[in-house]
Amino acid sequence: MRQRSSYSKSFKAQVVQKCLQPGASISSVAISHGINANVIRNWLPLFRDQLPATLSAFVPVKVAPKRQAESSVIIELPFGEHTITVKWPSYDPEGCVSFVRGLAS
């Protein structure tokens with residue numbers, strides 16, 4: 001029969017602090033230390049209040065600049081008895097010309 005493990009208070013506090021880091025999961029921290037995740041979940045309420053105040057309340061986020069709405073060109077091409085409508089991005093006029101020429105040939 002396996003003997004029950006005992007861990008020092010400082011070790012428990014370090015593991016809990018790792019779990020509370022941005023991007024960390026309890027499962028990944030538990031696996032990296034060879035501990036069952038449920039054991040760490042029991043430690044969370046015990047050591048959460050004892051952590052240093054160095055943890056930020058906000059996580060820095062990189063915000064991507066807003067892209068302008070991509071404009072497009074709509075071309076209607078007669079094709080026999082039907083009309084083909086082509087919507088093409090305006091930043092690629094050469095591609096549109098190649099496409100239309102390919103249809104015509």
Spatially proximal aspartates and glutamates relative to LYS12 (Cα-Cα < 20 Å; intrachain offsets below 8 disregarded): ASP49
What spacing in nm lies between the two simple spin-label points modelled at LEU44 and LYS62, each 7 Å away from Cα in the Cβ direction? 2.9 nm
Residues with amide H under 5 Å of ASP92's amide H, sequence separation 5 or more or different chain, H placed in the peptide plane at 1.01 Å from N; which? none
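Only the coordinates and a few stated rules stand behind these numbers; no lab work does. This is a predicted model, so every value here is computed, not measured. Here the Cβ is made from the backbone with ideal geometry for all residues, glycine too, and neighbour counts use every protein chain on show.
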